[in-house]
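The values are calculated or read from the model by the stated rules, or taken from the named source; none is laboratory data. Since we're looking at a predicted model, the values are computed, not measured. Ideal geometry is used to build each Cβ from the backbone, glycine not excepted, and the neighbour counts take in all protein chains shown.
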Amino acid sequence: MRPSDDKLHAAIIMDGNGRWATARGLPRVAGHPAGAEALRRTVEAAPDLGIRILTVYAFSSDNWQRPRTEVSALMKLFHMYLRRERARCVENGVRVSIIGRRDRLPTMVLPEIESAEKATVEGKKLQLRLAVDYSSREAIAAAAKKLNGHATRDRLSAALGGPDVDLLIRTGGEQRLSDFLLWEAAYAELVFTPVMWPDFQASDLAAAVAEFHSRERRFGAVPKVALA
Ligand code: FPP
């Protein structure tokens, strides 16, 4: 499932909220609302840069290990974000969906997810996929289990449901995938930036997309020039 060039699938590991806040003498959790603002800016900028699908890592299944106060602040923020951004998403043709487990999320978040998904279902400009309580290893294991011994590459891709990732960006200076879209990003171009997520601007997204277009994607084949 390789998307065409005019249907770029970008994925972002939004890292650096805590350090951004600490550097300003603020409690770590203060970085997350600033991160939500950065996400709003990114969603607004993405369609004009040719991005049609945007998958962002909002909460990994390993993030449950964080202090209870931080987890609770994040869940409240997801609730608020979904409620606050719903109308704007409808207006701007953004279709929202959530990937990841839902059974461990606080009950207050579930109606907001369902309502945002339902209200934005007709959105054609951008598909925004929020990964919440998401683990790529778990998703792959669940897809394989569903296929019951009949897994092939194509069937697993279909069972996972998301298209292949073209461009994967990680902010915050770390250079790892942290259990995010491991299958879907098999041939993704990786862009790592030291910019902390709350500081991430439309210009940073544009720079990552330009970097993506400057690379030759060979998918394991030889360079085009070698065939001439
Ligand atoms: C990583 O930064 C960020 C998260 C674990 C949470 C991501 C959440 C947001 C960007 C908030 C907005 C999202 C939505 C969907 C409203 P970190 O806290 O690990 O930062 P650090 O590496 O500096 O500690």
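Structure notes:
- Test for Glu85: is it of a type in the set (D, E, K, R), under 25 Å from Gln201 (Cα atoms) and out of contact with any His (no Cβ under 9 Å at 6 or more places or on another chain): yes
- Any hit, the stretch 109-120, residues being touching a residue at least 40 places away in the same chain (Cβ under 8 Å) and either surrounded by 12 or more Cβ atoms within 10 Å (Cβ to Cβ) or not hydrophobic (A, V, I, L, M, F, W, C) (or both): no
- Of all residues in the stretch 12-30, those satisfying the criterion of being part of a helix (DSSP H, G or I) and either more than 6 Å from the ligand (Cβ to nearest atom) or of a type in the set (A, V, I, L, M, F, W, C) (or both) are Trp20, Ala21, Thr22, Ala23, Arg28, Val29, Ala30.
- Residue match in the stretch 35-57 (condition: more than 10 Å from the ligand (Cβ to nearest atom) and farther than 16 Å from Leu205 by Cβ): no
- Options Arg176, Arg153: the member that is under 26 Å from Gln65 (Cα atoms) and either away from the ligand (no atom under 16 Å from the Cβ) or surrounded by fewer than 17 Cβ atoms within 10 Å (Cβ to Cβ) (or both): Arg176
- Count of the stretch 161-193 residues which are outside any loop (DSSP other than H, G, I, E, B) and either in contact with a Leu (Cβ under 6 Å, 6 or more places away or on another chain) or at pLDDT below 95 (or both): 3
- For the stretch 44-150, the helices (runs of 4 or more DSSP H) that sit wholly inside it and include 3 or more residues that are under 16 Å from the mean Cα position of the chain (by Cα) and at pLDDT 95 or above are 68-91, 136-147.
- Taking the criterion of being polar (S, T, N, Q) and closer than 19 Å to Phe180 by Cβ, the only residue of the stretch 190-227 that qualifies is Thr193.
- Those residues of the stretch 191-215 which are among the hydrophobic types (A, V, I, L, M, F, W, C) and without any contact (Cβ under 8 Å) to a residue 60 or more places away in the chain, in sequence order: Val191, Phe192, Ala207, Ala210
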